[in-house]
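Structure first, commentary second.
Please treat every number below as a calculation from the coordinates, not as lab data. Keep in mind that what you see is a predicted model, and the values were worked out from it rather than measured. Backbone-built Cβ (ideal geometry, glycine too); neighbour counts: all protein chains shown.
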């Protein structure tokens, strides 16, 4: 059964942030995507706290929130700078768990789409890592070739020094071999 994307993938991708070294989505973004109030989403999480361990959802510190808001305002026109409460940050498993507490059809469809976006990102990062490893391998090979070229140039310099030195006078050599009579 194919599902239809109800939100552009680019919009979802732009709502994924890196906080504490983890890819997360914020409570107010998820609430807007699910078509519920942020307060409703947070209440659902608090009522089902056993389903949301710290690696599924965590609350930003005040310092993190201020820093995050200042960075976001530089790049977007989001108007979430005056939030009185600290934001919840949902990791991929936390977003998947939201589908068990938010039961609307829209929430289910949006969750499926978000999880697919996270999978795409994971594949892109894996591809990026493979490319980076290949580049490192090529750099190492080029470095070795550079050392080999250095040795070759040293050898050529030594040969050129020998060629540039004046030849020592040698006594004429006596020819050997068949000598025809007419010489």
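Observations, loosely collected:
- Subset of the range 79-111 (residues that are in contact (Cβ under 8 Å) with a residue 60 or more places away in the chain and loosely packed, with under 15 Cβ neighbours inside 10 Å): 104, 106
- Selection within the range 54-66 - loosely packed, with under 13 Cβ neighbours inside 10 Å and under 14 Å from residue 95 (Cβ atoms): 55
- Every residue from the range 29-53 that is surrounded by fewer than 20 Cβ atoms within 10 Å (Cβ to Cβ), under 28 Å from the mean Cα position of the chain (by Cα) and farther than 19 Å from residue 105 by Cβ: 53
- Within the range 26-61, being assigned to a helix (DSSP H, G or I) and touching a strand residue (DSSP E or B) at 6+ places or on another chain (Cβ under 7 Å) holds for 27, 30, 42, 45.
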